[in-house]
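The values are calculated or read from the model by the stated rules, or taken from the named source; none is laboratory data. Just so you know, these numbers come straight off a predicted model, no measurement behind them. A quick note on method: Cβ atoms are made from the backbone with ideal geometry, for glycine too, and the neighbour counts reach across all protein chains shown. These area figures cover heavy atoms from the full protein model, side chains too; ligands, DNA and RNA do not enter into them. Shrake-Rupley method; radii C 1.70, N 1.55, O 1.52, S 1.80 Å.
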Amino acid sequence: MKHLLLDTHAWAWSMTADARLSSTAIAAMEQAETVSISAISLFEIGEKVRLGKWPEMAPFLDRLIPLAEEQGGRLVEVSPEASLLAATMAWDHRDPFDRIIAATAITRGVVLVSTDAAFSGLAEVPKWPGLLW
C-alpha cells in the first residue's frame, strides 16, 4: 500500500513499540509512501487521557504533534467532506472517532491500518479503500 491512514490505537502502538502492532502493519508503514494520522486522533488521545481511560498515553500528550512528524507521519485535517460523510454514512457503529477516521480513509482513498473489527462493517460502503492489519 502506498498511502495509509493509521487508526488512533495503531499510531499510539507505533509510538510505544507495543507488541500488539502486527508485523504486517509495521511492514506496510515502513514501505508506505505516506502514512497519515487524522487530527481527530489527537482529540481522541487527549480526551481519553483526560477521562482516565488511557493513562499510558499521558506522557506523550505534550509531544504528539512533533512525534508524528519525527515518525514521518502526516497529520491530516478533518475535512468538511469527511465530517459530512461520517455523520451520514450507513454504518451502525456509533463511535464518533471511528466514524471520522473511516470517513477520512474513504474521502482520501487510503487504506486504514487498524485492528478494530468494527471497521469490517464498512466493506459494502461505496469507495471503502480497505483495512489492513
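As for segment 71-93, it holds no residue that is more than 26 Å from Thr107 (Cβ to Cβ), surrounded by fewer than 16 Cβ atoms within 10 Å (Cβ to Cβ) and over 16 Å from the mean Cα position of the chain (by Cα).
For segment 10-20, the set of residues classified as buried (at least 21 other Cβ atoms within 10 Å of the Cβ) and among the hydrophobic types (A, V, I, L, M, F, W, C) consists of Ala10, Trp11, Ala12, listed by residue number.
Any idea which of Ser36, Ser41 is touching a residue at least 60 places away in the same chain (Cβ under 8 Å), of a type in the set (S, T, N, Q), surrounded by 17 or more Cβ atoms within 10 Å (Cβ to Cβ) and in contact with a Lys or Arg (Cβ under 9 Å, 6 or more places away or on another chain)? So the residue among Ser36, Ser41 that is touching a residue at least 60 places away in the same chain (Cβ under 8 Å), of a type in the set (S, T, N, Q), surrounded by 17 or more Cβ atoms within 10 Å (Cβ to Cβ) and in contact with a Lys or Arg (Cβ under 9 Å, 6 or more places away or on another chain) is Ser36. Residues that are outside any loop (DSSP other than H, G, I, E, B), free of Cβ contacts under 8 Å to residues at least 60 places away in the same chain and open to solvent by less than 90 Å² (accessible area, probe 1.4 Å) are absent from segment 2-9.
Is it true that Ala68 is within 19 Å of Glu30 (Cα to Cα), aliphatic (A, V, I, L, M) and either in contact (Cβ under 8 Å) with a residue 12 or more places away in the chain or surrounded by fewer than 15 Cβ atoms within 10 Å (Cβ to Cβ) (or both)? So Ala68 passes the test.
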